[in-house]
1. I'd like to check something: does region B:266-288 contain any residue that is buried (at least 24 other Cβ atoms within 10 Å of the Cβ), touching a Ser or Thr at 6+ places or on another chain (Cβ under 9 Å), at positive phi and in the same structural domain as B:GLY203 (by TED's automatic domain parsing)?
2. Evaluate region B:25-33: report whether one residue or more is in the same structural domain as B:LYS77 (by TED's automatic domain parsing), farther than 15 Å from A:PHE129 by Cβ and not basic (Lys, Arg).
3. All but one of (1) of a type outside the set (D, E, K, R); (2) within 14 Å of chain B (Cβ to nearest Cβ); (3) on the phi > 0 side of the Ramachandran plot hold for A:VAL142; state the number of the condition that does not hold.
4. Given the options A:GLY140, A:GLY172, A:GLY176, name the one that is closer than 30 Å to A:GLN267 by Cβ and surrounded by fewer than 22 Cβ atoms within 10 Å (Cβ to Cβ).
5. Considering only region B:229-243, I want to know if a residue exists there that is of a type in the set (D, E, K, R) and touching a helix residue (DSSP H, G or I) at 6+ places or on another chain (Cβ under 9 Å).
6. Return the total of residues in region B:34-46 being surrounded by fewer than 19 Cβ atoms within 10 Å (Cβ to Cβ) and on the phi < 0 side of the Ramachandran plot.
7. Going residue by residue through region B:47-64, is there one that turns out to be among the basic types (Lys, Arg), at the interface with chain A (Cβ under 8 Å from one of its Cβ atoms) and under 30 Å from B:ALA110 (Cα atoms)?
8. Which condition does A:LYS153 not pass, out of (1) among the basic types (Lys, Arg); (2) more than 30 Å from A:THR318 (Cα to Cα); (3) within 12 Å of another protein chain (Cβ to nearest Cβ), if it passes all the others?
Number of protein chains: 2
Amino acid sequence: MNASKLTTISDLGEFGLIERLTSDITPKNESTVFGIGDDAAVLDNGGEKFTIISKDLLVEGVHFDMVYTPLKHLGYKAATVNFSDMAAMNGVPKQMIVGLAISSKYSVEAIEEVYEGMKMACDVYGVDFVGGDTTSSLHGLVLSVTIIGEVEKNKITYRKGAQPNDLLCVTGDLGGAYMGLLVLEREKQGFKANPDIQPDMDGKEYILQRQLKPEPRTDIVKKLSENNIIPTAMIDISDGLASEALHIAKASNTGVAIYEEKIPIDQSTFDTANEFKIVPSVAALNGGEDYELLFTVNQNDFEKIKNLDGITIIGYITDSTEGNRLITNGNQVVELKAQGWDGLRK
Amino acid sequence: MNASKLTTISDLGEFGLIERLTSDITPKNESTVFGIGDDAAVLDNGGEKFTIISKDLLVEGVHFDMVYTPLKHLGYKAATVNFSDMAAMNGVPKQMIVGLAISSKYSVEAIEEVYEGMKMACDVYGVDFVGGDTTSSLHGLVLSVTIIGEVEKNKITYRKGAQPNDLLCVTGDLGGAYMGLLVLEREKQGFKANPDIQPDMDGKEYILQRQLKPEPRTDIVKKLSENNIIPTAMIDISDGLASEALHIAKASNTGVAIYEEKIPIDQSTFDTANEFKIVPSVAALNGGEDYELLFTVNQNDFEKIKNLDGITIIGYITDSTEGNRLITNGNQVVELKAQGWDGLRK
């Protein structure tokens, strides 16, 4: 290899890198229904339901900051963000396997706290903790979580199924997790400057919880099922609304249009965004880590979906030739771009 | 928490830590057949076969040394050691999901090498690569591999099924991977002292391959099946023969007896052990990373198993009251203890 020709990871970006590494992979086993390219892999083990599997790697200093992440919350979040991937396939989580790499700076009691959080998440969401491996690391803590879930075969929802004229829907509200992160970062800087100052978290409870203790929307999966709604496409919002909407559009070979004014934003997210001089909808579009569901439904389901609590119609799917558009509050049409969480942080 | 009372991880050891963290966990879902405590978790998704799942976390500087680990070999080994866990359940690997955390010191080409190795392993063993996630790390490379496999329900083999008088069998030969590691470590030290010296690897090809490119014994799983042999208990040898034999005895609530003279050791392992002034059987008992299978069969299967190539009967299972014993070449009976790989390294 010629060193001068080596490609850096940032040249490609995360999605470009994955594409380069995995584009030549073709599944061969009968039991493999769907491989790389969605929130979870889909397997058919001959039962009535599909088995769905996803995994996540969380690295100290990259995905979480020990300064303001309570260990129990870390464990809880590591579990629930993966449960969210099951919801994104219209399924439910059933089993969890955890790998933990830890440096000697952590005590057994500290690791127990992480496990407590994971066990709590398992209890809340009816998931069995079926494997736990621990090993050493030279630097900090690495958590690797694998979740196995199930989904009825006729209800499985991929990113790729959206059709022009489908309605684009989102659950809950957006941007809160990102504003919570900014508050935590601000307090961290303040604490560094003056350790005697007490953190000022008044009125920030909701957005802090959004950041530190996200809940997967398995309730929405249940609600959709009860109302006989099968989304045509679905994804969970880990990287921000814009990025996820573009994923659906790309996988479905369509365009997408989002109305800025329709994006659901909580009052405390709105207020904190203003405090930080950030346009609230920008936090919602690019902030990420909200772990809400973004999905599309056929227009025929409009009557069924319009009055469901906790679901907002924010746009629609178009032909791919129309591109990906954001219709702003000022009624301007601009291209929808994914700045993403990493982009915002810089 | 009182800092003076905090427990360090080395106070408990790896197995003690896992026990402490997971002893209160009880599976609740119907689909969970077996959780923590074997080479893989076992799920019943309603099909004809069980689904088996295992995962491993490999950390740079702990599990591999970049100085002498070619990246392609690293990828290959990360995959095959997990395939080995499937074989240890008497099953076959079918799908693989990989998480990769990498620091910016790695180029895209370097990561491609790791992936090449993993893809090669998948091709050789008929496994589908169904998920690949990459993320940043602050330090070095972390690989997390999840393998999903399947096994016929009547053939699944746990660690816990051994009965007194069962024969203890092992595949292949032992101690080679550890001797390969010692050779690599020696050459590394030599290179540090004098970078102009060419490494002397003559005659070490076999043991280097044992260390750098282990192969899972899925062939033995097939051979056992063809000969209508279902082991009563099985485990793969990652930590050394002694440690794994004790795992079977503990899980089965039995004792175990091993004849030192029966332990299969390759000539080059034997020669290299002598070179390093290590008793060859000690390398086999405690060296680890051979990824051979250790299993027990009912005595009634003796006729079926005695002439199978690549399988050696090295001892037998006893009542738990008889303890765990090593019958030495000098016909002395000593307690079988797990020094393990970590112990040897110090």
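The values are calculated or read from the model by the stated rules, or taken from the named source; none is laboratory data. The structure presented is a predicted model; accordingly, all values stated were derived computationally and were not measured. Cβ placement follows ideal geometry from the backbone for every residue including glycine, while neighbour counts extend to all protein chains displayed.
1. Yes, region B:266-288 has at least one match.
2. Checking region B:25-33: at least one residue is in the same structural domain as B:LYS77 (by TED's automatic domain parsing), farther than 15 Å from A:PHE129 by Cβ and not basic (Lys, Arg).
3. (3)
4. None of the others qualify; the one that does is A:GLY172.
5. Yes, the conditions are met somewhere in region B:229-243.
6. 1
7. yes
8. So the condition that A:LYS153 fails would be (2).
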